[in-house]
Amino acid sequence: MFNELYLCYVFVFLIGSCIGSFLNVCIYRLPLEKSIISPPSACPKCNHQIKWYENLPIISYIFLGGKCSQCKEKISIRYPFVELLTGVLSLLSFMKFGPTPLFFINTLLIHSLIVITFIDLDHQIIPDIISLPGIIIGFLFSFIPGGITWSDSIIGILLGGGLFYGVALLFYLLFKKEGMGGGDIKLLAMLGAFLGWKSVPFVIFASALVGAIGGISFIIISKSKESVPIPYGPYLAFAALIYLFYGKEIVSFYLQYLL
Ligand SMILES: [Zn+2]
């Protein structure tokens, strides 16, 4: 019995890291508006087509010594990192939710958040092609029993989109510059759709807190006085992950101490 469970864990991790390999393709190609299906992956420098055995998650990177097999161009450590991260988070999701529909729903959300995080870091955009369908998919999934209700989801969309729009507008009126972009608003509406309205106050508060810490550390480390546009999507994604795993505890904390 125990052995079978561990076998499941290994299986989920392996599938997760293979999906991570696909997420790398999405991260690279979606912002460039290239197809995520074809052509097959190639070295960006010498165009060498990557063979299947050079494309195994994490392992191939180690075997290739982090270099293209043809031109020896360095491969970013981020590729195996995303594969490892996707594998680990998929496994944690399985350990938390078990073999249930909720596992598939939440793991899909996690995978979308990984793509959003790295695209936002690279390009300071959150692609509508993920967030807008995400709002609809999150809402449709709320009809599957076991998770939030459809009314939780729809209020989450309105609260996430609306509240954040309000904060962004206030920021604009106060400082006469854009603090948060439309992409962040659509992402928060998507999170509301998947996680329900109770997640929205937490995600806003936690992302602002982590964002402030991140922003201040960045200024200290880089010693620059210029304000650089720091993407906000990764903070939203991080807060959403915390809520996804500890939502129940967080909500009962609200009810106990704040109401
Ligand atoms: Zn190459």
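The values are calculated or read from the model by the stated rules, or taken from the named source; none is laboratory data. Treat the numbers as computed from the prediction; the structure is a model and nothing was measured. Glycine also receives a Cβ, built like all others from the backbone with ideal geometry; neighbour counts cover every protein chain displayed.
When the residues of the stretch 27-48 are filtered to those that are under 25 Å from residue 234 (Cα atoms) and surrounded by 12 or more Cβ atoms within 10 Å (Cβ to Cβ), which remaining residue is nearest to the ligand (Cβ to nearest atom)?
Step one: filter the stretch 27-48 for residues under 25 Å from residue 234 (Cα atoms), giving 27-36.
Retained after the next criterion (residues that are surrounded by 12 or more Cβ atoms within 10 Å (Cβ to Cβ)): 27-31, 34, 36.
Details: 27: 19, 28: 15, 29: 18, 30: 22, 31: 22, 34: 18, 36: 21 Å.
Taking the candidates together, the pick is 28.
Name the pairs: first residue in the stretch 180-191 and buried (at least 24 other Cβ atoms within 10 Å of the Cβ), second residue of a type in the set (Ser, Thr, Tyr) and at pLDDT 90 or above, Cβ to Cβ under 7 Å, at least 6 apart or on different chains?
Note: pairs meeting the criteria are 187/131; 190/131; 191/199.
Identify the residue in the stretch 54-92 that is within 16 Å of the ligand (Cβ to nearest atom) and of a type in the set (Phe, Trp, Tyr) and, among all such residues, is farthest from residue 112 (Cα to Cα).
As a first pass, look at the stretch 54-92 and keep what is within 16 Å of the ligand (Cβ to nearest atom): 54-55, 60-61, 63-76, 79.
Narrowing further to those that are of a type in the set (Phe, Trp, Tyr): 61, 63, 79.
Details: 61: 23, 63: 28, 79: 16 Å.
So, considering only residues that are within 16 Å of the ligand (Cβ to nearest atom) and of a type in the set (Phe, Trp, Tyr), the one farthest from residue 112 (Cα to Cα) is 63.
Can you spot a residue in the stretch 235-248 that is over 30 Å from residue 96 (Cα atoms) and either modelled with pLDDT under 95 or of a type in the set (Gly, Ala, Ser) (or both)?
no
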